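Chemist: Pasting a structure below so you can have a look.
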Amino acid sequence: MSAVAVGSDVLRDVEQFLYREARLCDAHCFADWEALWTDDAVYWVPANGDDVDPTRVMSVVFDNRSRIGTRIRQLESGKRHAQSPPSRLARLVANVEVLADDGIEITVASVFTVHESRVRGRTVWAGRYEHILRRTPEGLRMARKTVRLVDNDQPIPTLAFLI
Amino acid sequence: MTAAPIDWDALIHDDRVHGSLYTDTDVWAAELERIWYRSWVFVGHVSEIPQPNDFVRKSIGPQQILMTRARDGTVHLLLNRCSHRANQVCDLPNGNAGTFRCPYHGWTFANTGALLGYPFSSGYGGRERKSELGLAEVPRVAEIHGFVFGSFAADGPSLAEHLGSASEAFDRLARLSPTGEIEVTCGWLQHEVRANWKMLLENETDGYHPQFVHSSIFGVAESGIGELYGERSAAVVRDLGNGHTEDDLRPEFRRIGQPLGWFGTKPERVPQYIDAMRTTYGEDTDQILIDGSPHVMVFPNLFIAEIQLFVLQPLAVDRTVQHVTALQFPGCDDLNRRMLQQTIGSVGPAGFLLADDSDMYERNQRGVQALAPEWLILERGRHRERTDDRGFTVADVTDELAQRAIWRHYKQLMMAAP
């Protein structure tokens, strides 16, 4: 799938959205990040390949809007041991391409690396993001975020922060 | 294997064990020899290789194992190592193939392990040794309800003898399925922890930790699970013998008396499953649905965790991979959907439950490096161990009977004759 030609303002808005989303995740701004989601949100981190059916096989994360809420509440409780203290994070989002734009929804591909530091040491996570961003009266919102880790078919450590 | 002899008596007592058992590489090496490469180890489920010539890459401890189904239907456990010069003959996690061809020099093996041929055979000058040069096989393979176990020891107790009373857990699990069969078809997550495998082994039937480790999710989800693992719970921890242990929640589930209460749902939400169960089990159905699914740690590596399976794979003294999958029952789409989604939410690297358990394992592994104290204390509930009406030792579910039972069996294995 190749990138489609979009106006530079659309591309800029999309990039700024992704960078802001990344910053909110890195800074553990849970409420602000939760506010970016639409009601029909799907947050998906597949396992064991790229062309898999999350209704039939295991995934690392497969959250509908309700489960996104549960995940945030758990992190906000302060008792989520796997994030107590929270990981120190710095991520790069790059190679941003708009794959489709039907006037309402924008499909965006990008590449990420996250450097995570915890007591257990430093972990580098990397992969590709696919976002579906929807234009709403409140601005761009995320309807879908798919995280394709490069090592999703290998053993990976605990992933308790927002990737 | 000629490390200095280890004084197991000095390290393992009835109610305390020495921290070095989790950090000493000589202990690790002895465990490979005495446990992983001798005893019965769970490998995979037959439903992972349903068709002739299916194969799936599995493990026994650090050893990579190919579990194959030959054309005649038999299940084989092969080592993924070319008999020629040690290349790996299989580089896919699963698939369907009657043969494996080594990429290095083209040696070709049947999925039974037999060497079928090699290129440029004149180079062997007529000294054909094909029959001696097959892939290595795990000497003993046995199944229970489709769960395939392997043993690197050519002789020793049978699988049935090794499982002893733990075999009832498999029977109980099968009775939760309308067809009596379970399916392992959802693939596995691989969650790595920087911890000795025994930190995990001792936690699977630990009933003391849930209210502390999992308080965040129990609170958010308004779950009643915490109370099952509390001081007022009627649930018990049971020593099943041979190192196998159980958290038996049935006393609580029977007290509550709700079919599917164990799974936090109601029969009306899964009508397809309920209809199928009543057709098969008739008036026994309600009791089966009240009693729920087993919570049993089958030594050394298989945790039957109600709606999911965990397999512990030790890779190093301080590194373990937890393989985890959701259980499925043939033909029960409505229940299967729920079991899969519940499993995805709770286990694996991002799991609401398992991320926090795994944090505990790693914290323990860091903590056990401290110079002092040297011992891990496993006294909880010693004063209230008792015998149940079938002769098993049980204690309150928050007690450390499981850990004591595991260490007793472990010590026997490590001190057995070579």
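Chemist: If I take all pairs of Cα atoms in chain B, what percentage of them are more than 41 Å from each other? Please report the intermediate quantities before stating the final value.
Modeler: On the way: 15684 of 87153 pairs.
More than 41 Å apart: 18 percent of the Cα pairs in chain B.
Chemist: For the pair residue A:12 and residue B:33, how long in nm is the line joining their label points, each one 7 Å along Cα→Cβ?
Modeler: Distance between the two pseudo-spin positions: 7.1 nm.
Chemist: Show me, for the range A:43-59, the HN-Hα J-couplings you get by feeding each phi into the Karplus relation (A = 6.51, B = -1.76, C = 1.60, θ = phi - 60°), rounded to Hz, glycine and proline as x.
Modeler: Karplus values, whole Hz, x for Gly and Pro: 10, 10, 10, x, 10, 6, x, 10, 10, 10, 9, x, 8, 10, 10, 5, 10.
Chemist: Follow-up. How much length, in nm to one decimal, is gained on full extension between residue B:155 and residue B:258, taken as 0.36 nm per residue of separation minus their Cα-Cα distance?
Modeler: In short, 32.5 nm is gained.
Chemist: Per residue and in cubic angstrom, what volume does the convex hull of the Cα atoms of the range B:56-101 have?
Modeler: About 77 Å³ per residue, rounded to a whole number.
Chemist: Now for a separate question. Highest first, please rank the peptides B:295-303, B:366-374 by the mean number of other Cβ atoms sitting within 10 Å of their residues.
Modeler: Final packing ranking: B:295-303, B:366-374.
Chemist: Can I ask one more? Quick one: which residues, 5+ away or cross-chain, put their amide H under 5 Å from the amide H of residue B:244? H built at 1.01 Å from N.
Modeler: B:299
Chemist: For chain B, give the percent of accessible area contributed by carbon and sulfur heavy atoms, probe 1.4 Å, rounded to a whole number. Spell out each step's value before the answer.
Modeler: Working: 8450 of 17470 Å².
Ligands and nucleic acids excluded, carbon and sulfur reach 48 percent.
Chemist: What order do B:212, B:263 take when sorted by accessible area (1.4 Å probe), most exposed first?
Modeler: Heavy-atom accessible area, descending, gives B:212, B:263.
Chemist: Grab the eigenvalues of the alpha-carbon gyration tensor for the range B:284-418, scale each by 5, take roots, and send me the semi-axes largest first in whole angstrom.
Modeler: Equivalent ellipsoid semi-axes, largest first: 30, 23, 15 Å.
Chemist: Which trypsin sites (Lys or Arg not before Pro) from the range B:52-112 combine a DSSP loop assignment with at most 10 other Cβ atoms within 10 Å?
Modeler: Hits after loop and neighbour filter: B:85.
Chemist: How much accessible area per residue does the range B:237-342 have, in Å², with a 1.4 Å probe?
Modeler: 34 Å²
Chemist: Indicate the residues belonging to the range B:161-192 that lose 40 Å² or more of solvent-accessible heavy-atom surface (probe 1.4 Å) upon moving from the chain alone to the assembly of all protein chains, ignoring ligands and nucleic acids.
Modeler: Buried by 40 Å² or more upon assembly, which counts only protein chains, are B:186, B:189, B:190, B:192.
Chemist: Could you compute how much accessible area chains A and B hide from each other, both sides summed, with a 1.4 Å probe? Nearest 100 Å² is fine.
Modeler: 2900 Å²
Chemist: Let me ask something additional. Spit out the partnerless Cys residues in the protein assembly as shown, using Cβ distances under 4.7 Å as the pairing rule.
Modeler: A:25, A:29, B:90, B:186, B:332, each lacking another Cys Cβ under 4.7 Å.
Chemist: For the range B:1-125, with every protein chain kept in place, what is the accessible area per residue (1.4 Å probe, Å²)?
Modeler: On a per-residue basis, the range B:1-125 sits at 45 Å².
Chemist: So the label point goes 7 Å from the Cα of residue A:20 along Cα→C-beta, right? Which residues of the range A:132-158 then have their backbone N under 15 Å from it?
Modeler: Residues A:133-143 qualify, since their backbone N sits under 15 Å from the label point.
Chemist: For residue B:120 and residue B:269 in the same chain, what is the full-extension length gain: residue separation times 0.36 nm, less their Cα-Cα distance, in nm? Each step should come with its number before you reach the end.
Modeler: Numbers: separation 149, 0.36 × 149 = 53.64 nm, distance 6.37 nm.
Between residue B:120 and residue B:269, full extension yields 47.3 nm more.
The values are calculated or read from the model by the stated rules, or taken from the named source; none is laboratory data. As the structure is a prediction and not an experimental result, all values here were calculated from the model. Positions of Cβ are generated from backbone atoms using ideal geometry, with glycine treated the same way; all protein chains shown enter the neighbour counts. Surface accessibility is based on the protein's heavy atoms, side chains included, excluding ligands, DNA and RNA. Shrake-Rupley method; radii C 1.70, N 1.55, O 1.52, S 1.80 Å.
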